[in-house]
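To start, the structure itself, in structure tokens.
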Amino acid sequence: MNKNLKATPEIPNKRILPYIQKPLYRTRKDINDWNRAYQLAFADEPKNYALQQLYDEIATDALLSSQIENRKQQIFSLDFSLKNTIGDIQEEQTLSLKKLPSYRNMLKAILDTIYYGYNLIECDIITLKDGRRDLKIEVLPRTNVVPQKGAFYKDYSESKFTFYRELPEYGRFILEFRQDGVGLLNKTVAHVLFKRFAQSCWSELCEIYGIPPRVMKTNTSDPRQLNKATQMMKDMGAAAWFVIDTTEQFEWAQGVSTDGNVYDNLITLCNNEISLLISGAIIGQDTKNGSRSKDEAAQDMLWQLIQSDMAMVEDYMNNTVLPAYAQNGILSPGLYFEFGQAEDIEQLFRFTQGLLPFKNIEDEWIEEKFGIKVSGDRSILPGIDSLKADESFFV
């Protein structure tokens, strides 16, 4: 912390926007649930709890969660710096922000808005073990927030709310991150629901093919015979079974003969659509028709989306987060956040190889860029003056 900064008074350790934690009941969701939740979010008196609960439910899908985390982790791994108004890097302030536990939580709250549409966080000043100050971050339940009108509901099932943007703590202890629309997850709801339906049907098909049901005929009017038949069927295994009378007739319905291809195709379609929405391309899923060139092109498309995420994070950090840090005496005022320029290390190494016979390159720079410890000058080889630059290095 900068010693020249005056310590700001800490607020009481209590919630500015209290809420009631309501129990959540997991039930099977379908397209009708999605339509009702969407209509509720755009009603005259909008409520977002149904849509956000649906988002939390579909976010448990393995492919969807892996695609989202893959996109997030690439942002988390990027280097950044804090600069002053004339563009000079502030090393001390940058290192301080990197070591703050709240930085990663802030970044996660910002990135989640891409998928959920918005996030409202409440902060409290805390003192770390090393004596520095930081912000304790609490992401308020999205079910209780309606950014369409700037309302926060203590109980989302009731009608009483607070205009959180009119509170004096807004911008310092209450921070808002919001995207236009209802979030990218809204476009994945149908695909996840159809995928679960196909998986459920396919599992039932596996059960039928693997352990077909059993039928036994007996005199059902005789309790002793019926009880005996029932006990026999229970003892024979775990497959479905039933007992009918000797005078009754049971026939199997003739359905479409399939080994599950119809379900496999539907699941593959849903997986591809999810990948296209989150990553911009189908990455690593199609092992049958996949190739290195296709995966490289898909990674390039994903990188374009990540660059857009970087611009969004920089915008929120400069206009929302850093001003809050400055108001609370955690960082110096007048700083702005900027990600480091991404470099193609492989291409840079090839360029460096081409320059080595003709230019002196500092040992420190080589060690910093490539992690190769070097020292001293190389020995001069016979005929070095006759070397010509290899044009392949610069392609």
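Quick note: the coordinates plus some simple rules give every number you see, no bench work behind them. In this text the structure is predicted, and so the values were computed from the model without any measurement. In this analysis, Cβ positions are derived from the backbone assuming ideal geometry, glycine residues included, and neighbour counts consider all displayed protein chains.
Other residues within the sphere of radius under 11 Å centred on the Cβ of Ala37, judged by their own Cβ, net out at +1 (K and R +1, D and E -1).
Peptides 316-322, 51-57, 180-186 ranked from most to least packed by the mean count of surrounding Cβ atoms within 10 Å: 51-57, 316-322, 180-186.
Each 10 Å bin from 0 upward holds the following percent of the Cα-Cα pairs of region 129-283: 8, 18, 16, 16, 14, 13, 9, 4, 0.
In nm, to one decimal, how far is the Glu92 label point from the Tyr336 one, both placed 7 Å along Cα→Cβ? Here the answer is 2.3 nm between the modelled labels. Counting charges near Gln304 (Lys, Arg +1; Asp, Glu -1) among other residues having Cβ under 14 Å from its Cβ returns a value of -2. Other residues with beta-carbon under 11 Å from the beta-carbon of Tyr170 carry, at +1 per Lys or Arg and -1 per Asp or Glu, a net charge of -2.
Provide the packing ranking of 236-246, 133-143, i.e. peptides ordered by the mean count of other C-beta atoms within 10 Å per residue, highest first.
133-143, 236-246
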